[in-house]
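Working notes, beginning with the structure itself.
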Amino acid sequence: MNERKPQHWADAVALEVAASGRLPVISTGISPSGEIHIGNMREVLTADAVFRALNDQGVETGFHFVADNFDPLRKVSPFLDRETYTAQVGKPLSEIPCPCGGHDSYADHFLEPFLESLEKLHVRVDVVRADELYKSGRMNRRIVTALERRATIVAILKELTGKDMGDDWSPFVPMCGACGRMNGTRVSGFDAAAETVEYACDCGAAGTLPMAGGGKLQWRIDWPARWRTLGVTVEPFGKDHSTRGGSYDTGIRIAREVFDCEPPHPIPYEWISLKGQGDMSSSKGNVLSIGHVLKVVPPEVLRYMVMRARPGKTIKFDPGRPLAQLVDQVDDAHARGRDERAMELSRAAGFEPVGVPYRHLVMVAQIAGFELDRVMEILDRTGYPGVSRTAVAERLEYASHWLAEFAPEEEKYTVQERLPNEAAGLTGDQRRFLSGLATGLTDGMDGAAVHDLIYNIAAGFESTPPAELFQAIYFALLGKARGPRAGSFIAILGPGFCARRFAEAAGG
Ligand SMILES: [Zn+2]
Ligand SMILES: [Zn+2]
């Protein structure tokens, strides 16, 4: 067994997991308390990479996603109607009405679009809803054990976190039978044989609840209990859980000393941060939903972003120009067979590379008004003959969303059908410059020839800097001060057309 260490992190993790001899069951989980964003997506894609790697090694593997929809709503987030939701704080997400009225519950409102995105990303995962897990009674034995071993749990938590849990602390959180809340209830007794819990609530209610669906375990106990119930042996989790005294640390001890099981193989992962706004988090509001990003780039591109980085490395996500560059990198890796394993693990429905640099395509698309025939014709004469029409059509769809939502201003423009009003403010030198261009431009010139012409003419102006002269080109064509590289831009638009426009702008 002295094989070469695999190149890709997912294969390395898969080897370690397979070597442990335990049946691999990979688990992931997210609380659907708000929009599920691409930071959350890293967890599921990290797990999916290991799942695929294990399958590739011929190891049968389980893979599930636990939707933590039985967690209580903690606060009224800014995106919620304060009046409606203040009364819902403390109730489980699965028992609260959805914000739009179109879903079965608050949890489903956020869960359903996430599951649709997983489909697109080709993540084949068994979905386990935490409320169903509890309501089915499958957690009852764990609840009994936790209540019986309360003292052991309290000692472990004290030892590892330094916190005293207090006299009325219980590993079980009852859901009040009268008001439906979990945030004001206390356990006053339990019956292990009948599988019931006695409780009292701040609302004044008290009584007996079935363990099945009558509440849930506290997070730090819930997690190891779930490892036992679902047989989890591999789990990625965010760095907040992997700190000293964090929930993985306490989970290890609780798993072994209370639930009599081994903790899963950990895969701690770093966050995805959003450029200029720090780590993505629902409570900070700086999130991008996965569905949103999947409108802008193909699923393979999003997968690749996660696959190529080791889980321990922060991913900086910038949906502007760097995202466009990422599309080019994936195209390029595809065409040249580069970064093969990461590309293989990024496979979704099927990726067809376009073979045209993204920014060129975006420029051509805007010049052609997104008409496919015109786009194909321009690509053909600008150095990209014979590219796939279906691939271009698909990419244009993504590009139009990218332009509308994330592209930097200077990437966006519309060629004006008439001389824009902005051209009225051109200086004398700018007009003379355009006039020179109008005389020099002839149809058939390519980008390089136009580029040379522009620089030669600009060199003749001593008192006006070239940048100011070039602005005249953009004012005359686009009605704004900046635009794409002038040489190829004019060549694509047609030097004859531009010559007429420049003559008009120069004052005829
Ligand atoms: Zn809804
Ligand atoms: Zn109550």
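Criterion first (within 14 Å of ligand 1 (Cβ to nearest atom) and under 24 Å from the mean Cα position of the chain (by Cα)) does residue 115 satisfy it? Against the criterion (within 14 Å of ligand 1 (Cβ to nearest atom) and under 24 Å from the mean Cα position of the chain (by Cα)), residue 115 qualifies.
Whenever a residue of segment 81-108 is more than 16 Å from ligand 2 (Cβ to nearest atom), its partners that are among the basic types (Lys, Arg) and outside any loop (DSSP other than H, G, I, E, B), lying with C-beta atoms within less than 8 angstrom and at least six residues away or across chains, give the pairs 94/129; 107/129.
Selection over segment 208-243 of residues that are small (Gly, Ala, Ser) and not in a loop (DSSP other than H, G, I, E, B) gives a count of 3.
Residues are listed down the side, and each one gets a yes or a no for (1) in a helix (DSSP H, G or I); (2) assigned by TED's automatic domain parsing to the domain that holds residue 14; (3) at pLDDT 95 or above:
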{"site": "248", "(1), (2), (3)": "yes, yes, yes"}
{"site": "252", "(1), (2), (3)": "yes, yes, yes"}
{"site": "260", "(1), (2), (3)": "no, yes, yes"}
{"site": "263", "(1), (2), (3)": "no, yes, yes"}
{"site": "281", "(1), (2), (3)": "no, no, no"}
{"site": "284", "(1), (2), (3)": "no, no, no"}
{"site": "303", "(1), (2), (3)": "yes, no, yes"}
{"site": "310", "(1), (2), (3)": "no, no, yes"}
{"site": "316", "(1), (2), (3)": "no, no, no"}
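Residue 438 - would you say it is among the hydrophobic types (A, V, I, L, M, F, W, C), within 11 Å of residue 505 (Cα to Cα) and open to solvent by less than 50 Å² (accessible area, probe 1.4 Å)? Criteria met by residue 438. Residue 361 falls short of the stated requirement of being within 13 Å of the chain's Cα centre (by Cα) and crowded, with 18+ Cβ neighbours inside 10 Å. Here residue 84 fulfils each of the conditions (1) part of a helix (DSSP H, G or I); (2) more than 26 Å from residue 266 (Cα to Cα); (3) at pLDDT 95 or above apart from (3). Which numbered condition trips up residue 100, out of (1) under 27 Å from residue 302 (Cβ atoms); (2) open to solvent by less than 70 Å² (accessible area, probe 1.4 Å)? Answer for residue 100: the failing condition is (2). Which of the residues belonging to segment 189-202 are open to solvent by 70 Å² or more (accessible area, probe 1.4 Å) and in contact (Cβ under 8 Å) with a residue 24 or more places away in the chain? Selection gives 190 alone. Here residue 71 passes the criteria (1) within 33 Å of the chain's Cα centre (by Cα); (2) under 22 Å from residue 226 (Cβ atoms); (3) within 16 Å of ligand 2 (Cβ to nearest atom) except the one numbered (3). Within segment 193-207, the set of residues being at negative phi, part of a loop (DSSP other than H, G, I, E, B) and among the charged types (D, E, K, R) comprises just one member, 202.
When you check residue 482 against the structure, is it open to solvent by 20 Å² or more (accessible area, probe 1.4 Å), in a loop (DSSP other than H, G, I, E, B) and in contact (Cβ under 8 Å) with a residue 12 or more places away in the chain, yes or no? In short, yes. Tell me, please, whether a residue that is away from ligand 1 (no atom under 16 Å from the Cβ), crowded, with 20+ Cβ neighbours inside 10 Å and closer than 30 Å to residue 45 by Cβ can be found in segment 237-244. For segment 237-244, residues away from ligand 1 (no atom under 16 Å from the Cβ), crowded, with 20+ Cβ neighbours inside 10 Å and closer than 30 Å to residue 45 by Cβ: present.
The values are calculated or read from the model by the stated rules, or taken from the named source; none is laboratory data. Predicted, not measured: the structure shown is a model, and the values here were computed from it. Cβ: placed from backbone, ideal geometry, glycine included. Neighbour counts: every protein chain shown. Surface accessibility is based on the protein's heavy atoms, side chains included, excluding ligands, DNA and RNA. Shrake-Rupley method; radii C 1.70, N 1.55, O 1.52, S 1.80 Å.
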